[in-house]
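Novice: The structure under discussion is supplied below as structure tokens; questions concerning it will follow.
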Amino acid sequence: MAEAVTDPAELLRSLGLPVSLADTLAGKHFPLRVPRGFVRRMERENPRDPLLLQVLPRMWENRPAEGYRPDPVGDLASMVVPGVIHKYRGRVLLVTTGVCAIHCRYCFRRHFPYADANPRRGEWEAALEYIADDPTIEEVILSGGDPLLLADTRLAGLCSRLQRIPHLRRLRIHTRLPVVLPSRVDDALLGWVGKSRLQTVIVVHVNHPNELDGAVSGALADLADTGTILLNQSVLLHGINDDAATLAALSEALFAAGVMPYYLHLLDKVEGAAHFDVDEGRAISLLAELRERLPGYLVPRLVREREGTPAKTPVS
Ligand SMILES: *Cc1c(COP(=O)(O)O)cnc(C)c1O
Ligand code: SF4
């Protein structure tokens, strides 16, 4: 974490690219952050490298775009107590931290007011009480930011308190860390993941097959060995993964690493991300092409999140 690259000029120079590709204004509110291991997976001298484009602040982020908002999916309206987002039946999302090991430019929470949402030490109580009081909740999703940036002692403590809530069946962890910083999957983490009474699901976030290397596969294999189910969600991103060959290669590479493709999200219309959008018609035809190339179980579900609906909306 401490060694992550935060200076766009340093990043571009290390890749043999002109520093003018980055925009200083765009990086002001949501600065560059990328772990060195992720940088090593970028291709040198390629200004369109699909990993570089996910993290580099660009001038297009400053252009106002119709319909793009700071909170595109209405998370704040669904926050029932600080840090608990309860939108869908049976599952609640717990915002555990605002910090991420990588800053993805298209992130729908890039403007999220984490300071207000973050359950501080004492406030786990309010969150746990809310979950304990609603017997319809069967699954808790640890999200963020990246929940695996919390210390293992805190995470293990939280999980042991959750597993004592009798109506909970599943624990889900939404994290990008096994991909962007695979060394996070260490003995301390493997000491508590999958040990709970709750069935554990880890949903990672990979958008392009180049994100997977030997270290990532090793980390994923270690997680799978704990009996945890591994799923992946991606965002369909213009210029990064919006072609059928890339998406097919991604599904194949994920499966080879023991991860099932889960969701392919259409971009949430967050301010500053309009240049990543792929329109719905094109997304649908890409999915049709993907279905022709892959076994059904390797085709992710194409979804869009719409505010006020009881689930992710399938796009077809
Ligand atoms: C996406 C999301 C979930 C999980 O939805 P699934 O369809 O079960 O993956 C839960 N809560 C919130 C607030 C979400 O945005
Ligand atoms: S890892 Fe996830 S939450 Fe963090 S910046 Fe990237 S998309 Fe956003």
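Novice: If you take the alpha carbon radius of gyration of the chain and divide it by 2.2 N^0.38 Å, what ratio comes out, to two decimals?
Specialist: On the way: Rg = 19.0 Å, N = 316, 2.2 N^0.38 = 19.6 Å.
Normalised by 2.2 N^0.38 Å, the Cα Rg of the chain equals 0.97.
Novice: Karplus couplings for region 275-290 from phi (6.51 cos²θ - 1.76 cosθ + 1.60, θ = phi - 60°), rounded to Hz, Gly and Pro as x?
Specialist: Residue by residue, region 275-290 yields 6, 8, 6, 10, 6, 4, x, 5, 4, 5, 6, 4, 5, 4, 5, 5 Hz.
Novice: Hey, if we sort TYR130, TYR297 by accessible area with the 1.4 Å probe, largest down, what's the order? Can you show the working numbers first?
Specialist: Numbers: TYR130 60, TYR297 130 Å².
Solvent-accessible surface, decreasing: TYR297, TYR130.
Novice: Taking all pairs of distinct Cα atoms, average 1/r, flip it, and tell me the Kirkwood hydrodynamic radius of region 119-195 in Å to one decimal place.
Specialist: On the way: mean 1/r = 0.0753 Å⁻¹.
When all Cα pairs of region 119-195 are included, the Kirkwood radius is 13.3 Å.
Novice: Rounding to the nearest 10 and keeping the result within 0 to 90°, find how far the Cα-based axis of helix 124-133 lies from the longest principal axis of the chain.
Specialist: For 124-133 against the chain, the angle is about 60 degrees.
Novice: Which cross-chain or sequence-distant (5 or more) residues have an amide H under 5 Å from the amide H of LYS87, H modelled 1.01 Å from N in plane?
Specialist: Under 5 Å from the amide H of LYS87 lie the amide H atoms of LEU93, each far enough along the sequence or on another chain.
Novice: Another question, then. In the chain, what % of DSSP beta bridges are antiparallel (nearest 5)? All intermediate terms of the calculation are to be shown ahead of the outcome.
Specialist: Working: 8 of 36 bridges.
Beta bridges within the chain, antiparallel portion: roughly 20 percent.
Novice: Also: Charges at C-beta only: +1 for Lys and Arg, -1 for Asp and Glu. How large is the resulting dipole of region 263-316 about its Cα centre, in Debye rounded to 20?
Specialist: On the way: 8 positive and 9 negative charges, 52 e Å.
The dipole of region 263-316 has a size of about 240 debye.
Novice: Compute the Rg to Rh ratio over region 211-304 from the alpha carbon atoms, using the Kirkwood formula for Rh, and round to two decimal places. Please list the in-between numbers first.
Specialist: On the way: Rg = 14.0 Å, Rh = 14.0 Å.
Taking Rh as the inverse mean 1/r over Cα pairs, Rg/Rh reads 1.00.
Novice: How much of LYS269 can a 1.4 Å solvent probe reach, expressed as accessible area in Å² and rounded to 10?
Specialist: The value for LYS269 is about 70 Å².
Novice: Assigning unit charges at the beta carbon (Lys, Arg +1; Asp, Glu -1) and nothing else, what dipole magnitude in debye, to the nearest 20, does the chain show about its Cα centre?
Specialist: On the way: 37 positive and 39 negative charges, 80 e Å.
The dipole magnitude comes to about 380 debye.
Novice: Separate question: Of THR309, PRO8, ALA274, which is farthest on the positive side of the dipole of the chain, counting Cα position, with +1 on Lys and Arg Cβ, -1 on Asp and Glu Cβ, and the Cα centre as origin?
Specialist: Positive-end residue among those listed: THR309.
Novice: How much of the accessible area of the chain, in percent, comes from carbon and sulfur atoms when a 1.4 Å probe is used? The partial results should precede the final answer.
Specialist: Details: 7310 of 13990 Å².
The value for the chain is 52 percent carbon and sulfur by accessible area.
Novice: Now for a separate question. Between rounded, prolate and oblate, where does region 254-316 land on the alpha carbon gyration tensor, with a ≥ b ≥ c its root eigenvalues, rounded for a/c under 1.5, else prolate if a/b exceeds b/c?
Specialist: Values: a/c = 1.74, a/b = 1.59, b/c = 1.10.
The shape class here is prolate.
Novice: Rounded, prolate or oblate: which one fits region 8-62, using the alpha carbon gyration tensor with axes a ≥ b ≥ c (rounded when a/c is under 1.5, else prolate when a/b beats b/c, else oblate)? Let's see the in-between values first.
Specialist: Details: a/c = 1.78, a/b = 1.47, b/c = 1.21.
Because a/c hits 1.5 or more and a/b exceeds b/c, region 8-62 counts as prolate.
Novice: Follow-up question, since we're still on this one. Averaged per residue, what accessible surface does the chain expose to a 1.4 Å probe, in Å²?
Specialist: Working: 13990 Å² over 316 residues.
It amounts to 44 Å² per residue over the chain.
Novice: For region 94-202, what is the charge dipole size about the Cα centre, in debye to the nearest 20, if Lys and Arg each add +1 at the Cβ and Asp and Glu each add -1 at the Cβ? Don't skip to the answer; put the middle values down first.
Specialist: Numbers: 15 positive and 12 negative charges, 61 e Å.
Here region 94-202 has a charge dipole of around 300 debye.
Novice: In nm, to one decimal, how far is the modelled label at THR136 from the one at THR313, with both set 7 Å along Cα→Cβ?
Specialist: Here the answer is 2.2 nm between the modelled labels.
Novice: From the residues LEU76, VAL179, GLN163, which one has its Cα farthest along the dipole of the chain in the positive direction, the dipole being from +1 and -1 charges on Cβ of Lys/Arg and Asp/Glu about the Cα centre?
Specialist: Comparing the listed Cα positions along the dipole, GLN163 ranks first.
Novice: Considering the Cα positions of region 1-146, please state its Rg to one decimal place and its Dmax as a whole number of Å.
Specialist: So, for region 1-146, Rg and Dmax equal 18.2, 56 Å respectively.
The values are calculated or read from the model by the stated rules, or taken from the named source; none is laboratory data. Every value quoted in this text rests on a predicted model; they were computed, and no experiment measured them. For neighbour counting, all protein chains shown are included, and Cβ atoms are generated from backbone atoms with ideal geometry for every residue, glycine included. In case anyone asks, the SASA skips ligands and DNA or RNA and just uses the protein heavy atoms, side chains included. Shrake-Rupley method; radii C 1.70, N 1.55, O 1.52, S 1.80 Å.
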